[in-house]
């Protein structure tokens with residue numbers, strides 16, 4: 001992998017013009033664009049970054065990207081990962097912009113919402129959302145996380161964003177720290193794959209995982225990880241969530257005046273779980289233990305689903 005230097009890449013620096021000599025000068029923020037197929041290393045601090053057209057960029061220790069403070073609801077993010085490009089975070093920090101004003105923020109650390117063909121790998125370093133927004137918001141991406149920290153941002157009202165917000169994507173998470181703020185930690189739509197490790201926290205203990213789909217069935221397998229206890233796991237159809245482990249039990253408990261299904265047990269890696277389950281719109285949760293008791297727990301999962309649907313029909 002070669003070093004990123006002006007002499008070896010097509011990196012372009014775009015600097016906003018100075019409006020008036022009588023106005024106090026703002027910081028000279030610049031966008032760094034990687035738009036040539038090839039591999040590029042980032043080892044120094046940058047402003048916001050755009051990656052496109054087959055470029056593959058790696059952030060190493062010392063590298064960072066921070067978008068400027070914004071008054072426009074759709075400015076930012078720290079890194080724009082466009083179609084057919086890839087990003088590896090192996091150090092450094094990527095941070096969404098601070099909000100000056102505006103609504104419907106898109107102050108993400110990493111964002112990419114056009115056509116797919118993206119690859120994101122995180123092994124170290126950190127990705128943080130800006131003013132109350134998601135750390136990562138991507139469609140059509142293959143995500144692999146083995147380490148590092150991914151945290152949603154918090155605004156001055158204490159409201160925060162998702163750590164990881166994905167659509168039409170695949171995930172392979174075996175490590176890393178994921179921190180949601182005043183909302184869901186992991187928000188997946190039409191996204192499947194496997195979670196075998198990592199730590200997952202939501203700071204106000206609301207929803208830790210939302211997993212849903214429209215017309216195309218999608219499956220997410222959870223075999224490990226350290227999951228905060230007593231947070232909500234939601235599954236909406238035709239999405240399927242498979243838990244792999246032992247000693248699974250589902251009990252109906254009164255929580256804040258409502259009857260809720262609570263799942264307890266241990267995952268394959270030995271970590272204990274205790275989740276409040278929310279199954280809706282033909283979503284499915286399967287509890288998959290060692291083969292000797294698999295049939296019994298499959299029936300229990302079917303009863304759980306019917307009971308949840310029956311309660312919703314009754315309102």
Distribution of pairwise C-alpha distances over the range 76-225, 5 Å bins, in %
2, 11, 20, 25, 22, 13, 5, 1, 0
Just to confirm my numbers, what's the Cα centroid distance between the range 126-160 and the range 221-250 in Å?
22 Å
Using the count of nearby Cβ atoms within 10 Å as a rough guide to exposure, how do 80, 272 rank from fewest to most?
272, 80
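Values quoted throughout were computed directly from the atomic coordinates according to the rules given, and no laboratory measurement underlies them. Note that this is a predicted model, so its numbers are computed, not measured. Every residue, glycine among them, receives a Cβ derived from its backbone with ideal geometry; neighbour counts consider all protein chains shown.
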